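Below you'll find the structure, written out as structure tokens, and then a few comments.
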Amino acid sequence: MWKHKVWAIAVGLSFLTVSGGAANYTPQQLPVSELTHILYAFADIGANGTVISSNPKVDVEQRTAWDPPRANHGHHAYGVVKQLFIHKKRHRNLKTLLSIGGWNHSPKFAPVASTETGRQTFARSAVKLATDWGFDGIDVDWEFPDNDEDKENFVKLLEACRVAFDRYSYLHRLRYRFLITVASPASAHNYRHMDLAGMNEYVDSWHLMAYDYAGNWSVTSSHQANVFTNKNITVLSTHDAIGYYETQGISPHKILMGLPLYGRAFVGTSGLGQKYSGVGAGGPEPGIWYYKDLPKPDAREEYDDVAKAAYSYNNATRELISYDNVRSATFKASYITGRRLGGAFFWEARGDKTGSRSLLRTMAENLGWLDETPNNLHYPTSQYDNIRYGMP
């Protein structure tokens, strides 16, 4: 997908509420000059396999102060979709992908992927929604295939999507390859039920979810996004996962390393690899804190130079939080270039800091030359007039 020495930086973006909370972060706040791709999450899947908006009000209905009054003629997209298209017009290397599924919607994949009718419905509706919204492709986030039947059907689902997108491009003379990416696991427990080699024929890039290695399910406190293993502390590592993908015939340059823009907490612990009593209250959910809020007051930042992982520890409260910081992100950038990976992606945009401690900026500055292939602005069948006419 990306030429040698050209890297991609993608970031996930989700809006879970219409007012307050997550909606306090807007698309206008995205550091688009430091990005090549935006993954907009998550589209839902209907019972018959139709890919649908999970929140139409936020996606295409909600207006801003800059939008024309409702008396304006025509059928227009507003909300996040309009703002992302404006970003694309201003930054022609920026591509948008519709992320489908995610943890909450993933149980819906298996029954849909198990039949030819379900797969075709999924593929056609994914193309329809993505092109209605002016997107450059889709990101399939099935967490996770669970058996040999799922393993086979995932390949067939991706094949159906590839055929559907290529047909759309051909019929409308776009000469554009719409992108299909996959949010892929770093744990052998999950990727053993994926035919990576078979999927690879239809996948433009693999978004390796190189995080959530540890959390409230862990026996002891540990790193959640370490590059290497550290005996008696870690179970998983990004290095091992990438090595496995390569053995399955995946080119390193199709792999994007995932970084979390949040930390996972362990409370009542004496340090790494030790017992803990819980994960605490957290920010957006129990045990999770946005990177922009870390380190917490009175906590000391530490770095495991073996695992190449950052964390903070508070001696008084006995709270340990595992997260990426500038130092660990800088190392990951050097690892990406050294291994000739495709780049990096981050989950999720609202968690980043601004200024010199921004991890997105850190990655962009260290990778250097980013992908400049042009996006697509031509969507002749979009149901939205402003998308169809290129947001004049």
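The values are calculated or read from the model by the stated rules, or taken from the named source; none is laboratory data. Remember, predicted model here, so these are calculated numbers, not experimental data. Every residue, glycine among them, receives a Cβ derived from its backbone with ideal geometry; neighbour counts consider all protein chains shown.
Odds and ends about this structure:
- Looking only at residues of the range 295-323 that are in contact (Cβ under 8 Å) with a residue 24 or more places away in the chain and basic (Lys, Arg), we find that the one that is nearest to Phe266 (Cα to Cα) is Arg318.
- Among the candidates Thr317, Thr337, residue that is more than 16 Å from Ser237 (Cα to Cα), hydroxyl-bearing (Ser, Thr, Tyr), touching a strand residue (DSSP E or B) at 6+ places or on another chain (Cβ under 9 Å) and not in a helix (DSSP H, G or I): Thr317
- For the range 329-346, a tally of residues being of a type in the set (Phe, Trp, Tyr), surrounded by fewer than 24 Cβ atoms within 10 Å (Cβ to Cβ) and within 19 Å of Tyr262 (Cα to Cα) returns 1.
- Odd one out for Gly287, checked against (1) out of contact with any Leu (no Cβ under 9 Å at 6 or more places or on another chain); (2) within 27 Å of Asp204 (Cα to Cα); (3) surrounded by 14 or more Cβ atoms within 10 Å (Cβ to Cβ): (2)
- Phe331 assigned to a strand (DSSP E or B) and either among the hydrophobic types (A, V, I, L, M, F, W, C) or more than 20 Å from the chain's Cα centre (by Cα) (or both): no
- Helices (runs of 4 or more DSSP H) contained entirely in the range 101-218, each with at least 3 residues that are within 21 Å of Ile45 (Cα to Cα): 102-105, 109-113, 116-132, 148-171
- Residues located in the range 317-328, provided they are closer than 15 Å to Met363 by Cβ, surrounded by 24 or more Cβ atoms within 10 Å (Cβ to Cβ) and among the hydrophobic types (A, V, I, L, M, F, W, C): none
- Which listed residue is acidic (Asp, Glu) and either in contact (Cβ under 8 Å) with a residue 60 or more places away in the chain or touching a His at 6+ places or on another chain (Cβ under 8 Å) (or both), from Asp166, Asp195, Asp204: Asp204
- Answer residue from the range 197-224, given it is in contact with a Leu (Cβ under 9 Å, 6 or more places away or on another chain) and over 28 Å from Val155 (Cα atoms) and is surrounded by the fewest Cβ atoms within 10 Å (Cβ to Cβ) among those: Thr220
- Any hit, the range 145-165, residues being in contact with a Pro (Cβ under 7 Å, 6 or more places away or on another chain), surrounded by 18 or more Cβ atoms within 10 Å (Cβ to Cβ) and not charged (D, E, K, R): yes
Quick grid of which residues meet (1) farther than 28 Å from Gly198 by Cα; (2) in contact with a helix residue (DSSP H, G or I) (Cβ under 8 Å, 6 or more places away or on another chain); (3) not aromatic (Phe, Trp, Tyr); (4) not in a loop (DSSP other than H, G, I, E, B):
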| position | (1), (2), (3), (4) |
| --- | --- |
| His223 | yes, no, yes, no |
| Phe228 | no, yes, no, no |
| Val235 | no, no, yes, no |
| Asp240 | no, no, yes, yes |
| Tyr245 | no, yes, no, yes |
| Ile250 | no, yes, yes, no |
| His253 | no, no, yes, yes |
| Phe266 | yes, no, no, yes |
| Gly280 | yes, no, yes, no |
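- Scanning the range 292-306 turns up no residue that is surrounded by 19 or more Cβ atoms within 10 Å (Cβ to Cβ) and either closer than 30 Å to Gly249 by Cα or under 20 Å from the mean Cα position of the chain (by Cα) (or both).
- Qualifying residue in the range 6-16 (condition: surrounded by fewer than 21 Cβ atoms within 10 Å (Cβ to Cβ), under 18 Å from the mean Cα position of the chain (by Cα), outside any strand (DSSP E or B) and modelled with pLDDT of 85 or more): no
- Screening Asp44, Asp59 for residues that are farther than 24 Å from Gly368 by Cα, acidic (Asp, Glu) and buried (at least 20 other Cβ atoms within 10 Å of the Cβ) leaves exactly one candidate, Asp59.
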